[in-house]
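> My structure is below; once you've seen it, I'll send some questions.
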């Protein structure tokens, strides 16, 4: 796992900080999502300036006491794929780190459950996912 970002609480709620990798050096802001009309809607909208580049969903961590973490999806036309990361606030809520880990490549012959579903649903009409444009593509209608 690599720490690619450091964040502090924002005055307006959420988090703000810097993401740095070999190819990225950008200030991000996790702005609270005020339009959570659906239970699966993201907790935060990830912003660069006024541009919405991703979303973050709250997840529970298996710690004692339980602490929140956030699954983060970031997208940009220059990235080869959606960047999937996790934001971990510290116990005091005074800082947070953004962590990324490369997915392990599949061995030849293995197929994921997601690709099985995609193959089975490829002849069906796509249905837009209204909760987030960063959910990894269109959802498919199932019969």
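> Here is a check on your reading of the model: is residue 68 surrounded by 10 or more Cβ atoms within 10 Å (Cβ to Cβ), over 14 Å from residue 85 (Cα atoms) and at pLDDT below 90?
Criteria met by residue 68.
> Right, next: Taking only pairs six or more apart or across chains, which ones have beta-carbon atoms under 9 Å, a first residue in region 77-97 that is touching a residue at least 60 places away in the same chain (Cβ under 8 Å), and a second residue that is assigned to a loop (DSSP other than H, G, I, E, B) and exposed (fewer than 12 other Cβ atoms within 10 Å of the Cβ)?
85/101; 96/90; 97/90
> Can you name every residue in region 85-102 that is surrounded by 10 or more Cβ atoms within 10 Å (Cβ to Cβ) and more than 12 Å from the chain's Cα centre (by Cα)? Break it down stepwise before answering.
So the first thing to find is which residues in region 85-102 are surrounded by 10 or more Cβ atoms within 10 Å (Cβ to Cβ), and the list is 85-90, 93, 95-101.
88, 89, 90, 93, 95, 96, 97, 101 - these are the residues of region 85-102 that are surrounded by 10 or more Cβ atoms within 10 Å (Cβ to Cβ) and more than 12 Å from the chain's Cα centre (by Cα).
> Which condition number does residue 41 fail, the rest of (1) assigned to a loop (DSSP other than H, G, I, E, B); (2) in contact (Cβ under 8 Å) with a residue 60 or more places away in the chain; (3) within 25 Å of residue 102 (Cα to Cα) being met?
(3)
> Further, regarding this structure: Which of the residues that make up region 10-37 are part of a loop (DSSP other than H, G, I, E, B) and more than 14 Å from residue 55 (Cα to Cα)?
As a first pass, look at region 10-37 and keep what is part of a loop (DSSP other than H, G, I, E, B): 10-14, 21-24, 33-37.
Scanning region 10-37 gives 10, 11, 12, 13, 21, 22, 23, 24, 37.
> Out of all the residues in region 31-51, which are surrounded by 15 or more Cβ atoms within 10 Å (Cβ to Cβ) and over 14 Å from residue 70 (Cβ atoms)?
Across region 31-51, the qualifying residues are 47, 48.
> Let me ask something else. Could you tell me whether residue 2 is over 25 Å from residue 94 (Cβ atoms) and modelled with pLDDT of 90 or more?
Working: over 25 Å from residue 94 (Cβ atoms): no; modelled with pLDDT of 90 or more: yes.
Spelling it out, it is not the case that residue 2 is over 25 Å from residue 94 (Cβ atoms) and modelled with pLDDT of 90 or more.
> Tell me yes or no: at least one residue of region 40-58 is over 16 Å from the mean Cα position of the chain (by Cα) and farther than 21 Å from residue 92 by Cα.
Within region 40-58 (the criterion being over 16 Å from the mean Cα position of the chain (by Cα) and farther than 21 Å from residue 92 by Cα), the answer is yes, since at least one residue qualifies.
> Okay, moving on. Please state which one of 61, 11, 45 is at pLDDT below 95 and either under 14 Å from residue 84 (Cα atoms) or in contact with a strand residue (DSSP E or B) (Cβ under 9 Å, 6 or more places away or on another chain) (or both).
61
> Exactly one of these conditions fails for residue 28: (1) buried (at least 18 other Cβ atoms within 10 Å of the Cβ); (2) modelled with pLDDT under 90. Give me its number.
Here residue 28 clears every test but (2).
The values are calculated or read from the model by the stated rules, or taken from the named source; none is laboratory data. For clarity, every value in this text was computed on a predicted model and none was experimentally measured. As a convention, Cβ positions derive from the backbone with ideal geometry for all residues, glycine included, and neighbour counts pool all protein chains shown.
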